[in-house]
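Q: Here's a structure for you.
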Amino acid sequence: MAKQRTEGHTPLRQVRIPDDEWQAFGAYVGDRERTRVLREFIRWHLRWPDAKQPEPPRAKEPVLPASSEEKSA
């Protein structure tokens, strides 16, 4: 269930995402851009008119989980 709505804002939702993934996502798209990118993805996934799949930043390398990085080192 959504938390109470703050004036002028959408209701808050809870999503469970592991800390390492959330931090890497923030480093990749920008801490202040996470919500925008997630909303774009949801709209695209729902196939809403004019929705486009969010593009990952082109200049950055993929962010691998720590366990994958350790194996490749």
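Q: Please tell me if HIS9 is open to solvent by 90 Å² or more (accessible area, probe 1.4 Å) and at pLDDT below 90.
A: Yes: the conditions hold for HIS9.
Q: On to the next question. Can you work out which of the residues in the range 20-72 that are aliphatic (A, V, I, L, M), modelled with pLDDT under 90 and not in a helix (DSSP H, G or I) is farthest from the chain's Cα centre (by Cα)?
A: Taking the candidates together, the pick is ALA59.
The values are calculated or read from the model by the stated rules, or taken from the named source; none is laboratory data. Nothing here was measured: the structure is a model prediction, and the numbers come from that model. Just so you know, the surface numbers come from the protein's heavy atoms only, side chains and all, with ligands and any DNA or RNA stripped out. Shrake-Rupley method; radii C 1.70, N 1.55, O 1.52, S 1.80 Å.
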